[in-house]
1. Of Glu75, Glu49, which residue is among the charged types (D, E, K, R) and at pLDDT 95 or above?
2. Of the residues Trp22, Trp32, only one is modelled with pLDDT of 95 or more and not aliphatic (A, V, I, L, M); which?
3. Please work out which residue is nearest to Arg12 (Cα to Cα), limiting yourself to segment 37-76 and to residues that are exposed (fewer than 11 other Cβ atoms within 10 Å of the Cβ) and basic (Lys, Arg).
4. Scan segment 53-73 for residues that are in a helix (DSSP H, G or I) and in contact (Cβ under 8 Å) with a residue 12 or more places away in the chain and jot them down.
5. Look at segment 25-36 and say how many of its residues are surrounded by 13 or more Cβ atoms within 10 Å (Cβ to Cβ) and under 16 Å from Val15 (Cα atoms).
6. If I go through segment 1-57 residue by residue, how many of them are out of contact with any Phe, Trp or Tyr (no Cβ under 9 Å at 6 or more places or on another chain) and of a type in the set (Ser, Thr, Tyr)?
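The values are calculated or read from the model by the stated rules, or taken from the named source; none is laboratory data. What you see is a predicted model, and the numbers here were worked out from it, not measured in a lab. Methodologically, a virtual Cβ is constructed for each residue, glycine included, from the backbone with ideal geometry; neighbour enumeration extends over all protein chains shown.
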Amino acid sequence: MTNIGIVNAFIRITVGLTVIAWATARLARRPWCTSYLWAALLGAMKVGEGITRFCPMTALFDNMQRRQLLEEEKEAVVNPT
């Protein structure tokens, strides 16, 4: 199941690989700094989202919007009796 487009996927892959390259270069100079490790992990997550074309945050947001629309439709239904 995909929830992001092709262009969005390519952008995520490009930005993710850029972040991974930057973080690993910084991590090579300062191996004790864990913030670069977190940046590399986040970049890898973006690459994974781009390859699979699935973003969990987008899926969560879409699911919440659908629930809100269903609740609004239930409230809009008026009992004719």
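1. That would be Glu49, the only listed residue that is among the charged types (D, E, K, R) and at pLDDT 95 or above.
2. Just one listed residue meets the conditions, Trp22.
3. So the residue we want is Arg66.
4. Within segment 53-73, Thr58, Ala59, Asp62 meet the criteria.
5. Count: 1.
6. The number of residues fulfilling the criteria is 5.
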